[in-house]
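Here's the structure we're looking at; comments come further down.
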Amino acid sequence: FAKDEATVGAQVEGQVEKTRVDFGDRVTEGQELAAIDTTSFEALARQSAANLAKTRANALNAEQTLKRIQDLQKEKISSASDLDKAVADAEQARAEVKSAEAADAIAQLNLERSHVKAPFNSAVAERIASAGDFMKVGSPLFRLVNDSVLKFIFQVPERYGSFVTKKLPVQFNVDNYPGETFTGSVYLISPAVSTASRAFGVGALVTNINFRLKANTFARGSLTLE
């Protein structure tokens, strides 16, 4: 099995503009896989940034007005009501800035999410979506498989439970490389025995040199206890 496997889904709603990879392609962490309605999310992000700038300018003006009123209050020129209003306006302006900052953060996050990216180094096992498809949040786009390291999962009879430890060597063969032996080492040991088979699962990590082995193939092997 692949050590890591994920179905990459849409994190925003919209139409797929383009897909940049297809099944069989190898991708690196952070590489763009597809674009979802980026034009709309770019416009929303610009609008949000402009609104944030406006609210910050209003807040700065309110702070300056408050300072002037406070200075006049010290000289007994302005009234208490003027000061109260200036304080309230400044507080409201600060609250509006915080609200605009939150809205801008969401807009920028949605813009980033409209560019679908690979979560880890992997190969594309399946491309589910195509350009023109309308995606809802969570709709699957690609299935990715990290096959640089594989897991060889097998069952061991319960009578050997006390002998199986991590890092024990494993050797195995696969049908598409007859006569060739591959190696790995134990890194997973199930804590429970199956009541049906009276055996427990063991997993060995296998470095997939040059990606010669394919995930989800069948293998026959041996675990060396001593």
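The values are calculated or read from the model by the stated rules, or taken from the named source; none is laboratory data. Keep in mind it's a predicted model, so treat the numbers as computed, not measured. Counting neighbours? That spans all protein chains shown, and the Cβs are built from the backbone with ideal geometry, glycine included. With ligands, DNA and RNA removed, areas are computed over all heavy atoms of the protein, side chains included. Shrake-Rupley method; radii C 1.70, N 1.55, O 1.52, S 1.80 Å.
Things to note:
- Percent accessible area from carbon and sulfur atoms, segment 73-222, protein chains only, probe 1.4 Å: 54 percent
- The chain: angle of helix 38-74 to the longest principal axis, Cα-based, in degrees nearest 10: 40 degrees
- For segment 1-74, trypsin sites (Lys or Arg not before Pro) meeting the loop criterion (DSSP other than H, G, I, E, B) and having at most 14 other Cβ atoms within 10 Å: Arg20.
- Each Lys or Arg adds one and each Asp or Glu takes one away; over the other residues whose Cβ falls under 13 Å from the Cβ of Ser148, this sums to +1.
- Counting every pair of alpha carbons in segment 114-165, the share spaced more than 12 Å apart comes to 77 percent.
- Restricting segment 67-170 to chymotrypsin sites (Phe, Trp or Tyr not before Pro) that sit in a DSSP loop and have at most 13 other Cβ atoms within 10 Å of their own Cβ leaves Phe163.
- When the convex hull of its Cα atoms is viewed from all sides, the chain shows a mean projected area of 21.4 nm².
- 222 nm mean residue ellipticity, helices alone, for the chain (DSSP H n ≥ 4; -39,500 (n - 2.57); rounded to 500): -11500 deg cm²/dmol
- Equivalent-ellipsoid semi-axes of segment 52-100, from the Cα gyration tensor, Å, largest first: 23, 10, 5
- Taking the longest Cα principal axis of the chain as reference, the axis of helix 80-113 is set at about 30 degrees.
- Across Lys54/Lys117; Lys76/Lys98; Lys117/Lys151; Lys117/Lys214; Lys3/Lys117, pairs whose alpha-carbon gap is larger than 29 Å: Lys54/Lys117; Lys76/Lys98
- Over segment 161-212: Rg over Rh, Cα atoms, Kirkwood Rh: 1.05
- Summed residue charge, Cβ within 11 Å of Ser122's Cβ, Lys/Arg positive, Asp/Glu negative: -2
- Note on Ala80 and Phe1: the model spin-label points, each 7 Å out from Cα along the C-beta direction, lie 7.3 nm apart.
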